[in-house]
Amino acid sequence: MKALSPLDCALLNQVQKGFPLEERPFAVIAQHLGMSENAVLERLQQLDAEGVISRFGAVFEPNTVGASTLAALAVPPEHIRETAELVNAVPGVNHNYLREHEFNLWFVITGRNREELTGSLADIERKTGYPMLDLPMEQAYHIDLGFPL
Amino acid sequence: MTDPLLLLGVQRALQEGLPIVQRPYLALADQLGASEQQVIDAIARLQDSGNIKRFGMVLKHRELGYRANAMVVWDVPNDRVDRVGNELGEEPCVTLSYRRPRRPPYWNYNLFCMIHGTSREEVTAQLEDIVSRRGLDYPHQVLFSSKCFKQRGAVYV
């Protein structure tokens, strides 16, 4: 776990949503925090290098761009590592977690469209041979709006 | 560069991540053969159309000490799932609340929410508080994650 100063928290709270659409957005953020543009850039680059920042980009409304689903496999515990590696190697897999349940390997997988996604899932099912759940989102009630620090 | 192609290029870049530099939109514009203003306008349009839910930095919660990550799955009657899903979404510790299909007989849960906390005890207490305060008397299970094999932004296009 990284030790964050109160200024780090203020900075990370500022940059998680509504990022300024200005030519020099970090200067706008710096002004809010009473910092210099350079100090903001340097600290964020450092936090990025330390792995605190996953990416500087956007969270999209699900299923407006391409297709995605949450899938789960029931994997015998002794085969979890090799199966996780196999799943990770499939294009479009972006989250992959071990969870405490009979269905224990949970991953989010995306494709350009549902056909491509179905193909990737069939591929995983064939390669692993384990029972799989395919649970596409039907309705979003709340989507990650950033992380208050 | 035509308009749809520019939007597609911007969308892709926002899934993979922009560089953390003084003029990030210019960096992307150079890469796409567009102007800085065109890139800024394209992002604004994706926001206005509702395609973008959030624009900014995506953090890795595990690196920030939020090591307990629970997926709570609920079996809620179909006529009540929208109401319960919205209620869960109002809770500050809930980061996601989605309806998904049941897959009987293996899987009877139709509502998923995610709770992040610094410890299992904290997450369990938060969940118990939500259940009792809102009277959510529905079968549910807590699936803590014990290991993260991969976390990155979704890339669709």
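The residues listed here are B:L59, B:L14, B:L8; of these, the one that is among the hydrophobic types (A, V, I, L, M, F, W, C), surrounded by fewer than 17 Cβ atoms within 10 Å (Cβ to Cβ) and closer than 21 Å to A:E61 by Cβ is B:L8.
The set of residues in region B:81-97 that are without any contact (Cβ under 8 Å) to a residue 24 or more places away in the chain, among the charged types (D, E, K, R) and surrounded by 13 or more Cβ atoms within 10 Å (Cβ to Cβ) contains only B:D82. Considering region B:1-107, the qualifying strands (runs of 3 or more DSSP E), each wholly inside and each with 2 or more residues that are at the interface with chain A (Cβ under 7 Å from one of its Cβ atoms), run over B:52-59, B:94-99. Listed here are the helices (runs of 4 or more DSSP H) enclosed by region A:35-133 that have at least 3 residues being over 21 Å from the mean Cα position of the chain (by Cα) and in the same structural domain as A:V15 (by TED's automatic domain parsing): A:37-49. Among the residues of region B:127-148, are any at the interface with chain A (Cβ under 7 Å from one of its Cβ atoms) and among the hydroxyl-bearing types (S, T, Y)? Yes, there is a match, as at least one residue in region B:127-148 is at the interface with chain A (Cβ under 7 Å from one of its Cβ atoms) and among the hydroxyl-bearing types (S, T, Y). Is it the case that A:R99 is at the interface with another protein chain (Cβ under 7 Å from one of its Cβ atoms) and touching a Gly at 6+ places or on another chain (Cβ under 9 Å)? The answer is no for A:R99. Scan region A:52-70 and tell me whether some residue there is out of contact with any Phe, Trp or Tyr (no Cβ under 7 Å at 6 or more places or on another chain), more than 7 Å from every other protein chain (Cβ to nearest Cβ), without any contact (Cβ under 8 Å) to a residue 12 or more places away in the chain and of a type outside the set (A, V, I, L, M, F, W, C). There is no residue in region A:52-70 that is out of contact with any Phe, Trp or Tyr (no Cβ under 7 Å at 6 or more places or on another chain), more than 7 Å from every other protein chain (Cβ to nearest Cβ), without any contact (Cβ under 8 Å) to a residue 12 or more places away in the chain and of a type outside the set (A, V, I, L, M, F, W, C). Among the residues of region A:34-50, those identified as surrounded by fewer than 16 Cβ atoms within 10 Å (Cβ to Cβ) and not acidic (D, E) are A:G34, A:S36, A:N38, A:A39, A:Q45, A:Q46, A:A49.
Of the listed requirements (1) modelled with pLDDT of 90 or more; (2) in contact with a Phe, Trp or Tyr (Cβ under 9 Å, 6 or more places away or on another chain); (3) within 23 Å of A:N94 (Cα to Cα), B:Q151 misses just one: (1). Only one entry in B:R152, B:R120, B:R54, B:R100 is of a type in the set (K, R), out of contact with any Pro (no Cβ under 6 Å at 6 or more places or on another chain), surrounded by 15 or more Cβ atoms within 10 Å (Cβ to Cβ) and in contact (Cβ under 8 Å) with a residue 12 or more places away in the chain, namely B:R100.
Within region B:115-136, the residues that satisfy the criterion of being modelled with pLDDT of 95 or more and either on the phi > 0 side of the Ramachandran plot or not in a helix (DSSP H, G or I) (or both) are B:G135, B:L136. For region A:31-49, the set of residues classified as at the interface with chain B (Cβ under 9 Å from one of its Cβ atoms) and either touching a helix residue (DSSP H, G or I) at 6+ places or on another chain (Cβ under 7 Å) or among the hydrophobic types (A, V, I, L, M, F, W, C) (or both) consists of A:E37, A:L41, A:L44, A:L47, listed by residue number.
The values are calculated or read from the model by the stated rules, or taken from the named source; none is laboratory data. Keep in mind that this is a model prediction, so the values were computed, not measured. Note: ideal-geometry Cβ built from the backbone for every residue, glycine included; neighbour counts use all protein chains shown.
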